[in-house]
Amino acid sequence: MSAFEPVTKSPPATETIIDVRDLRTYFPIRKGIFSHTVGYVKAVDGVTFSVDRGKTLGLVGESGCGKTTVGRTILRLIPATSGEVLYRGKSFFGYHGEELRKLRRHMQIIFQDPMSSLNPRMTIGNIIGEPMQVHGIAKGRERDERVAQLLQRVGLDPSYALRYPHEFSGGQRQRIGIARALSLSPDFIVCDEPVSALDVSIQSQILNLLQDLQQEFQISYLFIAHNLAVVEHFSDEVAVMYLGRIVEKAASRELYSNPKHPYTMALLSAVPEPDPRPKHKRIVLQGEVPSPSNPPSGCPFHPRCPLTREAAKQASDTDTVVLAPKGSMATNGHPLPVLGNEKPDRVLRKCVEQMPPLEQKQGEPGHIAACWVTK
Amino acid sequence: MTPLLEIKNLNVAFNTERGQIRPVRDVSMSIFPGQTLAVVGESGCGKSVTALSILRLIPQPPGKILGGQILFEGRDLVALREEEMQRVRGKEIAMIFQEPMTSLNPVYTIGDQIVEAVKLHQGVTSREAYQIAEQSLNDVGISDPHRRIHEYPHQMSGGMRQRVMIAMALSCRPKLLIADEPTTALDVTIQAQILELLRKLQRETGMAIMLITHDLGVVAENADAVAVMYASRVVETATVETLFDQPQHPYTEGLFRSVPKLNENAARLTTIPGSVPNPAKFPSGCKFHPRCARTRKLAASAPADQTTELKSGGEIIRVLTRCVNEEPELREIQPRQWAACHQIASYNSAKVTPPVVDHKREVTTEHSTEAMQLEAAKGQTA
């Protein structure tokens, strides 16, 4: 099985594979016939984390929070606006041309929709084998043998190499996508919602496969998903994103048992429990995720936050402000970014005016969250 | 109490180039006024075709209702003429779909679209229809309905569009709402809002809901009764509590085990091997036997003449011959629980009866936002 040997023979026990520092990805908003830039959508706005060898970092959040953009920016599928990504200590953003191409084989991606990510006019053998040929790892008979090994490893029959993607079910296509990602023996794989398009009974098969492969080849995963139960099951560490920023990050079990950001609490409680007699109550958040092109001031979560409203009841008038009611207009005629509620809506002044820092909270070391209210 | 809707032995076929396929086979289920029946299953199990058949929305041809009855307040919808059916559709039975963008017309304002339905079914003037539309937008929690009634679908978020769909569906006060994966395309926090809204509207209007979903969490939280479908058939139906406490069918059992749960530290997930069968080539006998853990386990200790060896997903497995040859029917295993599996202990003595689960859930899932804020704030604030 020489094809799957890790790149280094004896990696140190806790080698950092991917180190992301203050990553920002802004998309310009253009208007007018000369398409001048009138603003930016800050899809990713200062994200920092690292993933060790053989470990999984889960990235959760709602649609539009920037989690997919993070994954693609790391792989340079989308250019970063600023920030740095270190791959095993070397700055990945500093490479160009041939050197970049050589580095790329160590970082792969598995996409959500296994239908649109496989070329319908290529055989499975070519889909999995082409990367090996491009990177000069194997060709001819040797290539075909490795394709057969890979297919077998992901639980498919080696004879499938001659077939086309449309002949397979969703779960099988996702296995093919995994085999393709594995073909270059990468150190790091971005799994972008790898199971959310699959049937329930197939999801667990794919999750188990990814887990087995991680143990066997010591691969690091960035596991992007919106299903919190899946992320908890799969990840060593979990980061929660809201409007382009990480608002909380902790070891998986710690985050789920001791959440410190009100958004995490709401997300956790919003997951319907597969139990007809639920044990705990539900926080139903008001409103929706604001637009990232015009984020709220201060803590971006304050328009929906139940904690600041609760804290404001006990605070003095000088420490609190009343939010403008929903739908009200600012003096210039634009809707206010503050999406309060119909009722008088009192929140802490600090939450509206200042962005809370991502800081250590009470709990396990490394449990960080950005909230003015929680300890 | 008499059921609002009773489906009896419904059979639907589609004629395709490769021959006839049967997406719905012998399906029976019933819904009572004010009840939520969840229909659970994976892609291609027949749950959506069943729902579309109720409204007679399956394209004919290639589709065809081969037999069975769909009794709505005693009237057989299968036998209604198309004009009569149009009066039922939208007025007495309404439907909402998974993807609200594709079911709203992008070139009309949401107001126009609701008003069209209201005028058609209620015979009111335009002015009255706009008032009804505004009221129904208000009912589904859209603030400032007077202004937003003139907006186009693209101006709204996914959650808002789904609210508009619900407003449209409920504007004629239907007795039955069919919700086909209403929250699958939405984020969890928005899903929670929409499901809460449906529960609230159900309490207020007493409508029945047929909730089609694949999410067991959504089922557990919202359903009174559940029908589990696999390979075009109902394989198990029961009250929500019984189904989660004592699932009888190995497929139901396997589904429950294979879903990761919050705060559960299983190192590995239990899986159901193989994949969902294609309706064009169903296996023989019990359609679940190639994936069934129960028949494999029992076959290991059964006499050799009662077992059969077969190839499934590349591996050789040994299963009970009865499961390969004979398709089990839905039988009443215990009061309010029906299942279709030869290997349930009391299956042979159980009787074939029409599945009628007259039941309201014991625990209502009520979430007042203020109470939740307190709950959340407890012990968390500085």
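The values are calculated or read from the model by the stated rules, or taken from the named source; none is laboratory data. The model shown is predicted, which means the values in this text are computed figures rather than measured ones. Note: ideal-geometry Cβ built from the backbone for every residue, glycine included; neighbour counts use all protein chains shown.
Laid out as a table, the results:
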item	result
Sole exception among (1) buried (at least 24 other Cβ atoms within 10 Å of the Cβ); (2) closer than 22 Å to residue B:186 by Cα for residue A:187, by number	(2)
Any hit, the range B:147-157, residues being touching a strand residue (DSSP E or B) at 6+ places or on another chain (Cβ under 9 Å) and either part of a loop (DSSP other than H, G, I, E, B) or farther than 20 Å from residue B:106 by Cα (or both)	no
Out of B:276, B:259, B:235, B:228, sole residue that is away from chain A (no Cβ under 12 Å) and farther than 30 Å from residue B:139 by Cα	B:235
Hey, residue A:268 surrounded by fewer than 24 Cβ atoms within 10 Å (Cβ to Cβ) and at pLDDT below 90 or not	yes
The range A:281-296, residues that are touching a helix residue (DSSP H, G or I) at 6+ places or on another chain (Cβ under 6 Å) and either part of a helix (DSSP H, G or I) or more than 12 Å from chain B (Cβ to nearest Cβ) (or both)	A:296
Candidate set from the range B:41-54 (those that are out of contact with any helix residue (DSSP H, G or I) (no Cβ under 8 Å at 6 or more places or on another chain) and hydrophobic (A, V, I, L, M, F, W, C)); member that is farthest from residue B:27 (Cα to Cα)	B:52
Any hit, the range A:142-151, residues being more than 25 Å from residue A:224 (Cβ to Cβ), among the small types (Gly, Ala, Ser) and surrounded by 20 or more Cβ atoms within 10 Å (Cβ to Cβ)	no
Condition check for residue A:270: without any contact (Cβ under 8 Å) to a residue 60 or more places away in the chain, facing chain B (nearest Cβ under 9 Å) and either touching a strand residue (DSSP E or B) at 6+ places or on another chain (Cβ under 6 Å) or not hydroxyl-bearing (Ser, Thr, Tyr) (or both)	yes
Those strands (runs of 3 or more DSSP E) lying entirely in the range B:223-322 with at least 3 residues aliphatic (A, V, I, L, M)	B:225-230, B:233-239, B:315-320
Options A:259, A:278: the member that is in contact with an Asp or Glu (Cβ under 8 Å, 6 or more places away or on another chain), at pLDDT 85 or above and within 11 Å of chain B (Cβ to nearest Cβ)	A:259
Residue B:282 among the aromatic types (Phe, Trp, Tyr), under 16 Å from residue B:344 (Cβ atoms) and either more than 12 Å from chain A (Cβ to nearest Cβ) or out of contact with any Pro (no Cβ under 6 Å at 6 or more places or on another chain) (or both)	no
Close pairs (9 angstrom Cβ cut-off, 6 or more residues apart or separate chains): more than 21 Å from residue A:185 (Cα to Cα) in the range A:146-171, assigned to a helix (DSSP H, G or I) and of a type in the set (Phe, Trp, Tyr) anywhere	A:167/A:160; A:168/A:160
Residue list for the range B:253-284, restricted to those being more than 30 Å from residue B:20 (Cα to Cα) and among the aliphatic types (A, V, I, L, M)	B:259, B:262, B:266, B:267, B:269
Some residue of the range A:219-232 being within 11 Å of chain B (Cβ to nearest Cβ) and in a loop (DSSP other than H, G, I, E, B)	yes
Any hit, the range B:318-336, residues being closer than 28 Å to residue A:208 by Cα and of a type in the set (Val, Ile, Thr)	yes
Residue that is modelled with the highest pLDDT, among those in the range A:194-218 that are part of a loop (DSSP other than H, G, I, E, B) and surrounded by fewer than 20 Cβ atoms within 10 Å (Cβ to Cβ)	A:218
Index of the failed condition, residue B:195 passing every other in (1) out of contact with any Ser or Thr (no Cβ under 7 Å at 6 or more places or on another chain); (2) in a helix (DSSP H, G or I); (3) within 14 Å of chain A (Cβ to nearest Cβ); (4) modelled with pLDDT of 85 or more	(1)
In the range B:223-247, residue nearest to residue B:355 (Cα to Cα) [restricted to those that are crowded, with 24+ Cβ neighbours inside 10 Å and of a type in the set (S, T, N, Q)]	B:237
Residues within the range B:120-152 that are closer than 23 Å to residue B:188 by Cβ and free of Cβ contacts under 8 Å to residues at least 60 places away in the same chain, tallied	3
Flag if residue B:216 is touching a Ser or Thr at 6+ places or on another chain (Cβ under 9 Å), buried (at least 22 other Cβ atoms within 10 Å of the Cβ) and at the interface with another protein chain (Cβ under 8 Å from one of its Cβ atoms)	no
Residue match in the range B:180-187 (condition: facing another protein chain (nearest Cβ under 9 Å), surrounded by fewer than 21 Cβ atoms within 10 Å (Cβ to Cβ), outside any helix (DSSP H, G or I) and among the hydroxyl-bearing types (Ser, Thr, Tyr))	no
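Residue-by-condition table, conditions (1) surrounded by 15 or more Cβ atoms within 10 Å (Cβ to Cβ); (2) aliphatic (A, V, I, L, M); (3) in contact with a Leu (Cβ under 6 Å, 6 or more places away or on another chain):
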| position | (1), (2), (3) |
| --- | --- |
| B:70 | yes, yes, yes |
| B:87 | no, no, no |
| B:103 | yes, no, no |
| B:107 | no, yes, no |
| B:113 | yes, no, no |
| B:121 | yes, no, no |
| B:128 | no, no, no |
